[in-house]
1. Which value, in debye to the nearest 20, describes the size of the charge dipole of the chain about its Cα centre when Lys and Arg Cβ atoms bear +1, Asp and Glu Cβ atoms bear -1, and nothing else is charged?
2. Please compute the contact order of the chain in relative form: average sequence separation of alpha-carbon pairs under 8 Å and at least six residues apart, divided by the residue count, as a percent.
3. Just the number please: accessible area per residue for the range 1-71, 1.4 Å probe, all protein chains included, in Å².
4. Please report, to one decimal in angstroms, the Kirkwood hydrodynamic radius of the range 97-224 built from all distinct Cα-Cα pairs.
5. For the range 167-212 and the range 52-77, what is the separation of their C-alpha centers, rounded to whole Å?
6. Of the accessible area of the chain, with the probe set at 1.4 angstrom, what percent is carbon plus sulfur?
7. Using helices alone, what [θ] at 222 nm do you get for the chain, with -39,500 (n - 2.57) per DSSP H run of 4 or more residues, divided over all residues and rounded to the nearest 500?
8. Pull out a ≥ b ≥ c, the square roots of the eigenvalues of the alpha-carbon gyration tensor of the chain, then state rounded if a/c is under 1.5, prolate if not and a/b is larger than b/c, and oblate in the remaining case.
Amino acid sequence: RQDSRALATLGLTGAFMAPVLAGSREGNHVMLFGYYTLLNGFILVISWFKAWRELNLVGFIFTFIVGVFWGANNYRPELFATVEPFVLIFFAMYLVIPILFARRQPPELNGLVDGTLVFGTPVSAAFMQAALVRDIPNGLAWSATGAALLYAVLAAMVIRREGMRLLGETYIALATIFATMAIFFAFDAYPTFALWTLEGAAIVWVGLRQQRLLARLFGMLVQI
């Protein structure tokens, strides 16, 4: 009612802390993560109307920290089916929120990218996903491949939109990184060497054509 970021952030912080203060290690994880999903869904709805970065960060940080601590103390392989959906939902929500954030900027900041969420979301989701699929054959390879394809599709969708080019280029970089990781996790030494050699050469070529220093440096790093 008061259009106050401070009040919204304070209320949301209390909402995220409530189950941590009141719960126990033996609590129902589906109920806990379901509750956090509802809170993050509230943040997603707010992001449709307002570029309130504080709310986005509160939700992201609390969800990740609580998820990691719960996983370190309670996760077992037999819980995969009830935990994996929440990791994917968390990833999807904080994949959409930075896009809404970039679209809701005032004209003078049009296209501004929230680097914390754009890069923090895939890193945190990859960290959690790695812990979940470590006992599944080629689980890391398939996860990295899926992420690479997803970011490639997102890049194609947003890069030509007005004020979204920077976000699209960021997604291209993330797609390339995940594709590079997928090769590493999927193949033995020699195929990895051969594919990375081709990939590095291709990236260097694109960097030269587009006069992008970062692309050339990344291509050289892959070669090395």
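1. 560
2. Dividing the mean separation by the residue count of the chain yields 14 percent.
3. 61
4. Value: 15.8 Å, from the Cα pair sum.
5. When both Cα centres are located, 30 Å separates them.
6. That share works out to 69 percent.
7. The helix contribution divided over the chain gives -27500 deg cm²/dmol.
8. Verdict is oblate for the chain.
The values are calculated or read from the model by the stated rules, or taken from the named source; none is laboratory data. Computed from a predicted structure; not experimentally measured. All Cβ positions, even for glycine, are placed from backbone atoms using ideal geometry, and neighbour counts span all protein chains on display. SASA here: full protein model, heavy atoms, side chains in, ligands and nucleic acids out. Shrake-Rupley method; radii C 1.70, N 1.55, O 1.52, S 1.80 Å.
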